[in-house]
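Since every read-out is calculated from the coordinates, none of them should be taken as a lab result. Since the structure is predicted, the reported quantities are computational estimates derived from the model, not experimental observations. Glycine also receives a Cβ, built like all others from the backbone with ideal geometry; neighbour counts cover every protein chain displayed.
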Amino acid sequence: MTQRPNAFSQWPDARGRFGEYGGRFVAETLMPNVLRLEAAYEAAKTDPAFLKDFDDFARDFIGRPSPLYFAERLTEAFGGARIWFKRDELNHTGAHKINNCLGQVLLARRMGASRIIAETGAGQHGVATATVAARFGLPCVVYMGATDIERQKPNVFRMKLLGAEVIPVTSGTGTLKDAMNEALRDWVTNVKDTFYVIGTVAGPHPYPAMVRDFQSVIGREARAQMLEREGRLPDAAVACIGGGSNAMGLFHPFLEDESVRLIGVEAAGEGVDTGRHAASLNGGRPGILHGNRTYLLQDDDGQIIDAHSISAGLDYPGIGPEHAFLHDSGRAEYVSATDAEALEMFQLCSKLEGIIPALEPAHALARVRDLAAELGPDGLILMNMCGRGDKDVFAVAEHLGERL
Amino acid sequence: MNRLSAAFARLKAEDRAGFVAYVMAGDPDAGASAALLDALPTAGADVIELGVPFTDPMADGAAIQAAALRALNAGMTLKGVLKLAAGFRAQHAETPLVLMGYANPFHAYGFSAFAADAARAGVDGVICVDLPPEEDAELRQALAENGVALIRLATPTTDDARLPRVVADTTGFVYYVSTTGVTGAATGAAAEVGAAVARIRAASGLPVAVGFGVRSPEQAAAIARAADAVVVGSAIVAANHDGGADAALKLVSELSGAVRGA
């Protein structure tokens, strides 16, 4: 694609900024590492051997390309636009997360790192990192909030089976942000041999751009598949957003397709008005955390407020800086869905499509329902089914009052 | 001459290293914090670093993070920190006071407003842990306009290629983080610290204070022989939590005594 000046897809700039967001807000100890990582990634991303490695493992180990699936019964039930799912929940390990882990671990090998660390919220990124680390024989340490460990026990066991060491984080509220603090502390302490695999499009530059690039395989495949199956681009591409990696991966290849609305769905928890939510764009304001300037949930004093969502994967008080940029520029729209809506969609999608979605994409589905009605039968919606719900069945059963 | 330069000039005249005491503002509450601050100069602190509490202090270890959360739970804010600073300054005309914290509370306050209010409160310098030279222009300019020093951190990973950039706009002194790691972790070997201090002094022409991981009087004395000042934080914060202000001040006396005797 020829790039127009001021194209949305040209970001970040040389300082790692997406407009006024992004950057490299890390302690001096980490700066040399962050700069070294940037140089290594810049070299790798145009190296045919690196890209071939990524494509080969994406095909044989992850199972790409993931299918595009016409959700016929949900289309009927919602009575409007045709709904297509990009089936990234069929990836090895059950979510989109592994696309990025594969890319970063391949880069870690190229850089000669001998140790992998990661943070995880729902456990999907931890499992995916442990999986790829196991494949390449690299020791792996995963930081996970104690609260999340409690609500995602099966994933904790998976990581252990894969040979990773899971370290519970009890500081703060024991969720994703605290796990990220702890992983950053590890990285500060072990800068020489350790590669930090960040799980979302946040953190210091080059992470937001690098994670987006690895996840963009979702949007590239989906764009080609939509053209093949429907003969045209979708009217809207929809994805859920915690940190925003699956959404950024879906959106990026569509940024220059002006006819395609890009819609991100944040977790409204008990409601954006209640203060108990994880909607950084809809209920936060710009600040600095975890290496980047972006929208954050924070109080008047700049202290970070804990996010709340039924979905551990969306339970983060920030959002990737590129989303902050796309939000301010108006290129993408950001809406939200509550815990209750996600639970409803979790059950509806299971019954109607035979697909148990993760709670994260169940949020996206709630807004797909409205959008289907808005666009009508001629409309075409592409939604990223970014994860499967097996990990959530215990938590959902509890919410529904069922004892397993 | 500003208070930081004057303090380091005095130390040079006395031919000894200085002792920098770090305490967390508002831990366990504003009143106790004010009393502890007031007693630090007499106990032997040549410079005071006052921690600005933040919910997510990524470069700090367990002791300081816990102190920050205690302070926040007791209602401390950046405005409250500035009030503590002003209270201290009203009683102590000479001892330099440096705020150490993370970018987001300063950003939320507004860098310009913060710099002006810090100067008004008698703050002499600011260390912002997560603003590396690449990102600190806005805060640096605001502080410079108000005559407040921006003190940067140099670390063992700051190599010769990078060091000139790190020290270029630093004023007051350079804070050398003697180990890669969080606050309170093991300190670097004294010989390595000596070499690093010499390198930074040559590059910056400024005094070099060394911290991160200094806990005992013996360690403090060893660092004092190589550096212009020794910073102790986690150990004082932990003593204050475990044994109250008396325990913290006793430790400050011991540490500063060791530094003076080195």
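For the pair B:GLU14 and B:ASP242, a Förster radius of 30 Å applied to the C-beta separation gives a FRET efficiency near 0.40, rounded to the nearest 0.05. A compact globular protein would have a Cα radius of gyration near 2.2 N^0.38 Å; the ratio found for the range A:265-404 is 1.10.
So what's the net charge close to A:PRO253: Lys and Arg +1, Asp and Glu -1, counting the other residues with Cβ under 13 Å from its Cβ? With Lys, Arg at +1 and Asp, Glu at -1, the neighbours total 0. Once the Cα-Cα distance is subtracted from the 0.36 nm per residue extended length, the A:GLU398 to A:GLU374 segment shows a gain of 5.3 nm. Electrostatic bookkeeping for A:VAL169 treats Lys and Arg as +1 and Asp and Glu as -1; over the other residues with beta carbon under 11 Å from its beta carbon, the sum is -3. Under 5 Å between amide hydrogens, built in the peptide plane, is the criterion, and for B:MET100 it picks out B:LEU50, B:GLY51, B:VAL52, B:ILE127 among residues at least 5 positions away or on other chains. Once backbone amide H atoms are built at 1.01 Å from N, A:GLN298 has A:ARG285, A:ILE305 as its partners under 5 Å, excluding neighbours fewer than 5 places away on the same chain. Note on the protein assembly as shown: lysine pairs with Cα distance below 17 Å, sequence gap of 8 or more or different chains, count 4.
A simple spin-label model places the labels of A:ARG232 and A:LYS351 3.3 nm from each other, with each point 7 Å out along Cα-to-Cβ. Along the axis of the charge dipole computed for chain A (Cβ charges of +1 for Lys and Arg, -1 for Asp and Glu, origin at the Cα centre), the listed residues A:SER171, A:LEU343, A:GLY401 are led at the positive end by A:SER171. Converting phi to 3J(HN,Hα) with the Karplus coefficients 6.51, -1.76 and 1.60 and the offset θ = phi - 60°, the range B:69-74 yields 5, 4, 5, 5, 5, 8 Hz in sequence order, with x at every glycine or proline. Residue by residue, the range A:359-374 carries 3J(HN,Hα) couplings of 4, 4, x, 4, 4, 4, 4, 4, 7, 4, 4, 5, 5, 4, 5, 5 Hz when phi is fed to the Karplus relation 6.51 cos²θ - 1.76 cosθ + 1.60 (θ = phi - 60°); x denotes Gly or Pro. Look at the stretch B:77-90: the mean tally of other chain Cβ atoms within 10 Å of its residues' Cβ atoms is 1. Per-residue Karplus couplings for the range A:106-121, computed as 6.51 cos²θ - 1.76 cosθ + 1.60 with θ equal to phi - 60°, are listed in order as 4, 5, 4, 4, 4, 8, x, 5, 10, 8, 10, 10, 8, 9, 8, x Hz, Gly and Pro entered as x. Distance distribution note for the protein assembly as shown: the fraction of Cα pairs above 50 angstrom is 15%. Applying 1/(1 + (r/R0)^6) with r as the Cβ-Cβ distance of A:GLU76 and A:ALA7 and R0 = 41 angstrom yields a FRET efficiency of 0.60.
Computed over the range A:18-163, the range of Cα coordinates on each principal axis works out to 55, 39, 37 Å, biggest value leading. With Cα atoms as the point set, the range B:100-204 shows a radius of gyration and Dmax of 14.4, 42 Å. Considering only Cα atoms, the convex hull volume of the range B:76-129 works out to 66 Å³ per residue. Put simply, the amide H of A:TYR334, placed in the peptide plane, has neighbours under 5 Å in A:GLY264, leaving out anything fewer than 5 places away on its chain. The three principal axes of the Cα atoms in the range B:3-261 give end-to-end lengths of 42, 39, 33 Å, sorted in falling order. Pairs of Cα atoms nearer than 8 Å and 6+ residues apart set the relative contact order; for chain A it is 20 percent. State, as an integer percentage, the relative contact order of the range B:3-261 based on alpha-carbon contacts under 8 Å between residues 6 or more apart. Result for the range B:3-261 is 23 percent. Protection proxy ranking for A:177-185, A:395-403, using the average of other Cβ atoms within 10 Å per residue and placing the highest first: A:177-185, A:395-403. Taking every Cα-Cα distance in the range A:156-282 and sorting them into 5 Å bins starting at zero, the pair-distance distribution P(r) comes out as 2, 9, 13, 17, 17, 15, 12, 8, 5, 2, 0 percent.
Three semi-axes describe the equivalent ellipsoid of the range A:211-275; taken as square roots of 5 times the Cα gyration tensor eigenvalues and ordered largest first, they are 25, 14, 9 Å. The mean number of partner chain beta-carbon atoms within 10 angstrom of a residue's beta-carbon across peptide B:129-140 is 5.
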